[in-house]
Amino acid sequence: MTLLVFTGSGQTLYAALPELFPVEDLRPGLRGKTHTVMQGTEIITLETEILGVLKNGLGPGKDLIIGKLIDEKSSLTGAVHGAVHGMSGSPLYIDGKLVGALSRRLMQFEKDGHCGFTPIRDMLDVQNRGREKKDFDKGPSPFLAFWGRGTLNASADLALQIKPDNGQWLAVPLNLSGFSESMISSLRPLFSRMTGFLPVASGSAGPASLPITPIRPGSALSVLFIDGDIRAGGTGTATTVDGNKVTAFGHPMMGIGPTELPLAGAEIITTMPSYAVPHKISNIGPAAGTIWQDRLSAISGETGRLPVMATYEIRRKHENEPRPAWKGTFVKEEWLAPQVIMLLMARSLMDQQDFSREATLKLEGELRFKGLPPLSIKGLYSGGSDQRLAAIFDQMAPLMNLYQAFPRQIDVESLTLSVESFERSAQWEVETVNVRNRKLRQGEKIQVLVRLKNGLGGKRLEELSLEVPEELKKTAFRLRVASGSYLQAADANMRGMAGIANASDYLRAVNRLYEPDALYLQAITLEQGVLSRNSPQLGLPYSVGEVVKDSEREALRPFSGAKVWSQRKVRLSGIVSGFRESAMEIE
């Protein structure tokens, strides 16, 4: 008999831990029942046969129970039986005693229901670790290694696509609310290096409109990554509920050890039949507790207390018409936060209702971190529909590099973002620059005629002038006419990572100095200098720099750079590209 207890809020259904079935007593031919949900919240049982135990199948001292689902209810495709993605953690009982949790399909296109079960003793070992302090550096997420490949195109590299049905752990369906199939296809490579996620579209209802789903052994259990108006989370199955302690999945979600992620109950909309990738589709309920551990044999946590989350607020306009703002929370876990922020950006920029093949996007906002300077989000993008992905990639690159270099120092607190979109392209390229007076008298302004063009054959002429400071008496110098994007890239290339010792240095260095919708006129001279703590010191010989190292004894880097004597910024109605330079002289 199982003891059931409701909390005062009615959010959680507790069940006492049943008697355990020792792995040593398992014999081929024993029959048991695997508990899971195929639709809704009703837990059903699937007749299961034990085939044997693969000793040390998961490593020294970690056995894998080999079984077979022989129940007709597990047949989703007529003649084919088997486990589906989302069943991870479904508990197996023999004579009412708990054996373990369903965790693997043994082979792709396997048709007879062969599968693997994680022994319950190994799962309870994870539960017994309880809440551990995250006081060690896990290193950067494996996702960030993929980031350096510089593509978000799902068809660019088929080898990087998720292959969840290859005889490894059952995949965790990653439910993405409000994401179309095309968006999910484009974003799938983001999760290709993460342990066993299968991105799938799901409902977009907020947590307040979803029913409170009790968490019981065999019921659907989700781990939330994003909550609020935009929701995302991975769904599997709960294995044990002992008081307020919960274990699930029977395998790692990402294998990150100590963590703090919200857990929730879920309802299964349906179980999708497929020879290749059968999986569950679900609605995730309200957050009901916290996952504290993510290890080889299970994830575990407790109901009741919720983790601390970061917040997001996304304001949108399309063709100057306001759209509803999106608000909510997302996880702070350093292995997940970069991908989650990427998902929020993608959802904001790729809204299907306002999607068009030609578009101009304007972004403003910032990411705030505990104890660090904010990371500015600012940009203008224009062109074909691929510019939406380009915008995501461009804005997120500094964040990914930050997490790659300083994962232990990052504690994200909030994302605020304003997105304006227009169904037209607005691009201008510098075509020619004509200078009326290359030899100037003292105090005379530079007179410039700049011709610009766009991809539609449009032309634009700008008559501009630039004052020259008195310090450039009888001096040769150069006039530079350049777009903000060119100057930003040149500045970032010059600075590199020299002198960056911590996350604060990096954030100060990467925040944008130049506007993408502006044309800049600059009077410059080329100077020798040194770069210290990512700050250029022009006109300072390297030999002097070696003597005046800062108090931290930081190495300096010699470089050649442009010293700007005067500058004028001219805003244009669209994104600007290109640059030109002309030799100038003051008589």
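The values are calculated or read from the model by the stated rules, or taken from the named source; none is laboratory data. Note that the structure is predicted; figures quoted are calculated from it, not measured. Note that each Cβ is placed from the backbone with ideal geometry, even for glycine, and that neighbours are counted across all protein chains shown.
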Go through (1) at negative phi; (2) outside any strand (DSSP E or B); (3) modelled with pLDDT under 85 and name the single condition Gly499 misses.
(1)
Is segment 287-302 home to any residue that is at pLDDT below 95, on the phi < 0 side of the Ramachandran plot, among the polar types (S, T, N, Q) and surrounded by fewer than 24 Cβ atoms within 10 Å (Cβ to Cβ)?
no
I'm told Lys563 meets every condition in (1) farther than 28 Å from Ala390 by Cβ; (2) surrounded by fewer than 14 Cβ atoms within 10 Å (Cβ to Cβ); (3) among the basic types (Lys, Arg); (4) modelled with pLDDT of 80 or more except one. Can you identify the failing condition by its number?
(2)
Taking Ser9 as meeting all but one of (1) polar (S, T, N, Q); (2) at pLDDT 95 or above; (3) exposed (fewer than 12 other Cβ atoms within 10 Å of the Cβ), write down the number of the exception.
(2)
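Hey, which of the strands (runs of 3 or more DSSP E) in segment 407-493, taking only ones fully inside, have at least 1 residues that are among the aromatic types (Phe, Trp, Tyr), modelled with pLDDT under 90 and at positive phi?
On the way: elements: 412-422, 427-435, 446-453, 459-466, 476-483.
Output list is empty.
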Report yes if some residue within segment 244-263 is buried (at least 21 other Cβ atoms within 10 Å of the Cβ), touching a Pro at 6+ places or on another chain (Cβ under 6 Å) and in a strand (DSSP E or B); otherwise report no.
yes
Looking at segment 316-337, can you tell me whether even one residue there is assigned to a helix (DSSP H, G or I), surrounded by 16 or more Cβ atoms within 10 Å (Cβ to Cβ) and modelled with pLDDT of 85 or more?
yes
Please specify each residue of segment 374-396 satisfying the condition of being more than 21 Å from Ser483 (Cβ to Cβ) and either surrounded by fewer than 16 Cβ atoms within 10 Å (Cβ to Cβ) or of a type in the set (Asp, Glu) (or both).
Pro374, Ser385
Flagged pairs (Cβ under 6 angstrom, 6 or more apart or on separate chains; first in segment 301-324, without any contact (Cβ under 8 Å) to a residue 24 or more places away in the chain; second surrounded by 15 or more Cβ atoms within 10 Å (Cβ to Cβ)) are Arg305/Thr290
